[in-house]
Every structure is written in C-alpha cells, then in structure tokens.
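Remarks on the structure that follows.
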Amino acid sequence: MLFLCMSALLLAGLAVLGVESLKISGPSGLYPQVLIGASMALLVWNGLQSWRARAIGANDPELASLHTGPTQALFRFALFCAIWLLYPLLMTWTGFIASTTIVLYGSAVLFGTARPWLALLGILCFTVVFSALLKSIIYVPVPEAWPDQWINALIYRF
Amino acid sequence: MFDVQFLDALQSALAPASILFSVLGIVIGIIFGAIPGLTATLAIALFVPITFIMSPTHGLIMLGGIYAGAIFGGSISAILINVPGTPASIITGWEGYAMARRGDAPYALALAAVSSGVGGALSAIAMLFLTPVLAKLALSFGPPEFVALLIFSLAIVIVMLDTPMLHNLLGCLLGLTLASIGQDPINGESRFTFGMPDLLSGVDLLAVLIGFFCMTQAVFLAREALSEEKTIAIHFEGITGIWRVLKTMISSFWTYLRATVAGIFLGIMPAIGPESTPFVAHAVEKKFSRTPEEFGHGSTQGLIASETSISANVGGSLIPLLSLGIPGSAAAAVFIGALTLHGMQPGPLLFVEHGAEMYTFLVAFVITNIFMVFVGLFAIRYFAVVLKAPKGWIAAFVAFFSIFGSYAVNSRLFDVGIMFIATAFTILLRFLRIPILPVVLGVILGSLLEQNIVVFSITVKSLPDLMARPVALALFALTAVILAASVYKRLRAQSTRAAAS
C-alpha cells in the first residue's frame with residue numbers, strides 16, 4: 001500500500017511539473033517535456049510490474065524502521081526530525097548560538113545522555129567556538145541575536 | 001634545458017618552506033573536505049587572499065595541498081559515517097562505509113589515503129609531461145563530443161548498477177528533470193520556478209546532494225541510535241594493516257592505472273568536475289573485475305577506483321587551466337584567481353614566462369600527494385575514533401553540518417528548504433526501490449547535457465555532419481554496444497531463471 005502511495009505521490013509531482021512544462025513556450029519546454037513524459041511512463045510501468053510480481057513492500061529493514069518499531073522510539077525519532085526541521089526557523093528568531101545550542105542539547109537529551117550538564121557545557125563551547133570561526137575565518141553570515149553580537153564585539157575588540 | 005629546470009624545480013619543491021606550506025595546505029584541505037558543505041572550491045577561494053603574503057610558488061604549493069587534502073578529506077566522513085564531505089566522495093562512501101560497518105574502517109581509510117595519493121601523484125606527473133598534448137585533445141571536444149561523452153557516462157551508470165535497469169533509467173530521468181529547474185541554458189526562460197525568484201538559478205547542486213546523502217544519513221543514524229547498537233566496532237591492525245594495504249596496492253596495479261586514466265581524461269574536459277568522475281571509474285572497474293558482485297557492498301577495487309579517479313581528476317582539471325587558461329572544474333577556476341593575484345596569466349605563455357615557478361609547483365604537487373598519503377595514514381587512528389562516538393551524537397552533528405553546509409553555500413535559508421525536500425525525495429525513492437546514484441549523476445550532468453544537446457541539434461543537421469566527428473561517433477557506438485550487450489545479458493539471465501523455476 002505504501003509503495004502505491006509513494007508511486008502516486010511521485011506521479012502527482014511529475015504531473016504538476018508536466019502541466020507546468022506545457023506552459024513553457026518554444027523549444028525551452030521540449031527538453032523537460034520529454035524527460036517528464038518518459039519518467040511518468042517508466043514510473044507507471046514500474047508500478048504495474050511490481051504489482052504483477054507482488055514485489056511491493058521491499059525487504060529493506062532500515063527503511064521499515066522509519067515507520068515501525070516501539071512507539072516510544074518512534075515518538076523520539078519524530079521529535080528528532082521535528083527539532084531539526086524547526087532549527088532554521090528558530091535560528092532566524094533566536095540567532096545562531098542560542099538556536100544551535102538548543103537543538104543540539106535537545107537531540108542529546110532525546111538520545112539520552114549520562115551527564116546532561118557536561119553535555120550542555122560541551123555543546124555551548126562548540127557553538128561559541130564555531131560561531132567565532134564563522135566570523136573570523138569562514139565568513140558565513142548567520143542570523144544573529146544578542147549572544148552572536150556579543151561574540152562579534154569580542155572578535156572586533158581583539 | 002628541461003632537465004636543468006626539472007632539477008631546479010625539485011630542489012625548490014623539497015625546500016623546508018615548500019614542505020611546510022604543502023603539509024599546512026593538506027591539513028587545511030582535509031578539515032574543509034571532511035565537513036559536508038565545505039568544498040575544495042570554498043577552501044581554495046578562502047585561502048587565495050592569504051597566499052598574497054607568500055611567494056607565488058609557496059602560495060601555489062599551499063593551494064595545491066588544500067585541493068589534494070580536501071579531496072581526500074571528503075572521503076573520511078564518507079567512509080566513517082556515510083556522509084560524503086564533498087560531492088565527489090559519494091562512491092567512496094558507498095564502498096567505504098560498507099567496509100567500515102564490517103569493522104574495516106582503518107583499512108578503508110588507509111586505502112583511500114593511498115589511492116588518493118597515487119591518483120594525485122600520477123595526474124601531477126601527467127601534468128608535468130603531457131600538458132600541451134592533453135590540452136589540445138580537450139580543445140578538439142565540441143558539443144557533439146560532449147553529448148556523446150555525457151550520454152556514455154549516464155549509460156554506463158544505468159547499465160552497471162545491480163538494481164533493475166528500468167529503475168536506474170527512471171532515476172537518471174528524474175535527476176535530469178530536477179536539473180532542468182530554473183532558467184533554460186540557451187534562451188534564459190524560467191522553468192518550474194512557481195514564482196520563486198530563488199529558483200531562477202536552479203536548485204543548488206550542493207544543497208541537493210547534502211539532502212540526498214548527509215541529511216538522509218542523519219535520519220537513518222538517528223533511527224538506528226534509538227533502536228540498536230550505539231557504536232560501530234573498529235579493528236586496528238597496526239603494522240600488519242600497512243602490509244595489507246601494500247598487498248592490495250600491488251594486486252590492484254591495473255585498477256590504479258584505469259582509474260587514473262579515467263580521472264585525468266574527465267578532468268581535462270572543461271565543465272566536467274570531479275563529481276561525476278568516480279561514477280564512471282567505478283562502473284568501468286566493475287566491468288573489468290573478477291568479483292563484480294562485491295561492488296557496492298564494500299569492494300576494495302571499487303573504493304580504489306573511486307578515490308584514485310577523483311584525485312587524478314584534480315591534476316587533469318589543472319591541465320587545460322595551465323596551458324590554455326580554461327578551468328576543468330570549479331576549484332580549478334578559483335586557481336585562476338590565485339595565479340593572476342601573483343601576476344601570472346594562465347595560458348600558452350605561462351610556462352615560457354613563469355617556467356621556474358610552474359615547474360616547481362608541478363613537482364611540488366607530486367610531492368604533496370606523497371605527503372598526503374603519510375598525513376592520511378598517520379591520522380587514520382584519530383579519524384576512526386569518530387566511530388566510537390555514540391550514534392545519536394553523530395546523527396545530531398551530521399544534521400547540524402547538513403543544515404549549516406546547505407546554508408553556507410549561498411548564505412540563504414532557501415537552500416536549507418531545498419536540502420530538506422531532497423532528503424524527503426531520497427526516502428521516497430528508496431520506498432520505490434529507485435537507486436539514488438543515477439539521480440545524482442542526472443542532477444550533476446543535466447544542465448551541461450541540455451546545453452550541448454541544443455548546440456548539437458543546431459550544428460549537426462545530417463549524418464555526414466556527424467560522420468565528420470569521429471570521436472563523437474566512436475563514443476555513440478560504444479554506448480550503443482554497451483547498452484545492447486547489457487540488455488542481452490539481463491534478458492538471458494531472466495530467461496535462464498524462468499527456465500530453472
């Protein structure tokens with residue numbers, strides 16, 4: 001069932017692109033139209049073949065582990081995904097240092113850590129040092145809040 | 001004349017300061033390469049201004065060290081945690097991670113270091129002696145040859161993977177479709193942008209690749225950490241490990257040679273960067289191997305072919321740059337900046353006007369690759385310790401570096417979104433049993449293929465036009481033969497299975 005749902009999802013995505021490609025005028029649209037048409041045909045053929053061979057539900061334990069297993073582990077796994085999905089948004093609100101510390105510490109707590117305070121201290125040190133490296137060597141401008149501005153001021157003072 | 005120049009160059013390359021800058025470059029390169037999102041190109045670009053305070057020769061030696069180190073560095077995280085540090089290390093991760101899971105991480109890392117050094121050193125020797133000849137070959141490549149070469153590269157991956165050919169073809173088509181997002185390369189008309197200006201320049205390749213490999217791996221590592229064993233066992237073999245590597249090296253002579261030739265050849269082709277090279281080298285090696293069934297499951301030959309070809313590509317990409325001023329890859333393009341900063345104009349007169357500096361750089365590049373082997377072998381014990389860290393921590397840091405890496409490319413959160421979508425897309429494809437490798441190659445080569453197809457269709461209007469391009473014709477014929485042979489082999493295997501059942 002999951003196989004068919006996923007096939008339908010991909011087919012729907014390709015159909016959207018296909019419709020969009022029909023709006024492209026001239027030769028610019030021909031190349032993607034050919035690719036999308038061939039992809040859709042192969043996807044349908046693949047689905048039919050798998051259906052006929054009853055090979056749906058591939059034997060991939062790693063993949064199956066994403067949606068099967070003890071409820072508590074699945075819940076913690078979902079939380080892990082949610083934390084990292086929210087991280088970019090959090091970064092725009094609280095700045096790089098605070099958001100990185102929060103999500104890394106949150107992940108550590110999710111996986112279970114023997115010494116939470118030590119973990120927090122280690123993560124904080126890593127984040128501050130990494131942030132200083134970003135500003136002084138790698139030059140990647142990250143969203144900032146007051147802790148980041150404090151590091152900035154410190155770097156400029158030195 | 002050449003002998004005197006060569007001896008002078010050797011003397012300068014072996015001077016303590018040259019060695020110091022070479023090793024410094026290697027260490028910097030390894031660090032940058034090992035972090036997903038930080039590529040060789042970025043490392044070279046960041047350190048070009050710093051070389052201004054050095055002599056031109058030392059500056060170039062350090063940048064050469066960074067380039068070589070970053071290529072090997074990308075393989076470290078690929079082997080240890082299946083997170084390719086650079087897009088070129090995807091195949092290395094495929095083979096190396098399987099070896100690491102068997103407890104052979106130090107052996108895989110040692111093989112990668114040695115192969116990287118061998119490929120780089122051989123390509124540097126090729127640079128030293130073959131630069132003018134190979135540059136002329138690169139110039140003879142027009143759109144028909146490029147189309148033939150790109151279709152050959154895609155076909156070889158479709159044919160060589162173990163998964164059904166239909167799935168491989170579908171993956172390839174999906175990759176090419178993804179690459180068509182953004183402005184079309186000829187008319188500049190926007191396609192599939194859905195009103196988002198950020199998509200006009202297409203999906204960022206690095207963000208997509210980070211989603212395909214790094215973030216997906218973080219997701220699976222996190223799930224594993226919540227269910228089974230927390231760390232992976234490692235076997236350190238000490239001096240016997242070195243003997244094992246040496247034995248493998250000697251028995252893999254032809255693998256090294258084939259991968260080096262493939263790497264140099266693809267390296268000198270402008271716009272074909274190191275990303276797609278290991279796919280071709282790996283597929284070719286599988287064809288020649290006596291144990292093709294091991295490929296993709298921790299094959300030493302596969303790992304050697306991949307790693308050697310990537311490093312050989314580095315030297316190859318510098319050949320057209322130095323002799324014609326045409327960069328063979330993005331990182332090589334940044335090298336132009338370094339050369340011009342020191343008053344050197346890449347092109348035919350470079351070796352005439354700055355012969356001493358250039359020969360010193362080339363000899364030093366050979367030595368740099370040898371040093372890289374020693375630095376790599378020395379540091380293996382420390383790299384492999386990563387595997388002793390709890391999987392949960394590794395998952396968290398891989399997720400962090402995936403997000404940071406995709407953001408750092410253009411400093412925009414939009415690419416992080418693209419990276420998340422690429423991660424979801426990878427998992428969806430895995431549900432459908434469509435392999436990710438043909439998708440990756442499609443994404444990497446898509447834009448170049450479309451561009452050349454359009455020019456090809458305009459310039460080659462009839463069969464006699466095509467007959468006038470023997471290289472393109474030979475490549476098309478070779479592709480057709482490989483495809484036909486593979487289809488025949490698979491159909492025969494299918495009918496044998498049906499008869500047996």
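Annotations
- Residue within the stretch A:132-149 that is farther than 27 Å from A:Leu2 by Cβ, modelled with pLDDT under 90 and polar (S, T, N, Q) present: yes
- Summed over the stretch A:104-127, the residues that are under 16 Å from B:Phe401 (Cα atoms) and at the interface with another protein chain (Cβ under 8 Å from one of its Cβ atoms) give a count of 3.
- Those residues of the stretch B:406-452 which are of a type in the set (S, T, N, Q) and more than 8 Å from every other protein chain (Cβ to nearest Cβ), in sequence order: B:Ser406, B:Asn410, B:Thr423, B:Thr426, B:Ser447, B:Gln451, B:Asn452
- Boolean, A:Thr101 is crowded, with 17+ Cβ neighbours inside 10 Å and facing chain B (nearest Cβ under 10 Å): no
- Just one of (1) surrounded by fewer than 19 Cβ atoms within 10 Å (Cβ to Cβ); (2) on the phi < 0 side of the Ramachandran plot fails for A:Trp84. It is (1).
- Every residue from the stretch B:276-306 that is buried (at least 24 other Cβ atoms within 10 Å of the Cβ) and among the charged types (D, E, K, R): B:Glu285
- Residues that are touching a residue at least 12 places away in the same chain (Cβ under 8 Å), of a type in the set (Gly, Ala, Ser) and in a helix (DSSP H, G or I) within the stretch B:240-256 comprise just one, B:Gly241.
- Selection count where residues are under 19 Å from A:Ser25 (Cβ atoms) and either acidic (Asp, Glu) or in contact with a Leu (Cβ under 9 Å, 6 or more places away or on another chain) (or both), scope the stretch B:192-203: 2
- Residues in the stretch B:459-468 include none that are within 11 Å of another protein chain (Cβ to nearest Cβ) and touching a residue at least 40 places away in the same chain (Cβ under 8 Å).
- Qualifying residue in the stretch B:37-53 (condition: under 20 Å from B:Tyr359 (Cβ atoms) and either acidic (Asp, Glu) or over 14 Å from the mean Cα position of the chain (by Cα) (or both)): yes
- Of all the residues in the stretch A:18-33, those that are among the hydrophobic types (A, V, I, L, M, F, W, C), at the interface with chain B (Cβ under 9 Å from one of its Cβ atoms) and out of contact with any strand residue (DSSP E or B) (no Cβ under 9 Å at 6 or more places or on another chain) number 0.
- Residues of the stretch A:129-147 that are more than 14 Å from chain B (Cβ to nearest Cβ) and either under 21 Å from B:Phe47 (Cα atoms) or buried (at least 18 other Cβ atoms within 10 Å of the Cβ) (or both): A:Ala132, A:Pro147.
- Helices (runs of 4 or more DSSP H) fully within the stretch B:396-485 counting 3 or more residues that are under 22 Å from the mean Cα position of the chain (by Cα): B:414-431, B:436-459
- Candidate set: the stretch B:155-196, residues that are hydroxyl-bearing (Ser, Thr, Tyr) and assigned to a loop (DSSP other than H, G, I, E, B); chosen: the one farthest from the other protein chains (Cβ to nearest Cβ): B:Thr163
The values are calculated or read from the model by the stated rules, or taken from the named source; none is laboratory data. Remember, it's a predicted structure, so these values are computed and weren't measured experimentally. For neighbour counting, all protein chains shown are included, and Cβ atoms are generated from backbone atoms with ideal geometry for every residue, glycine included.
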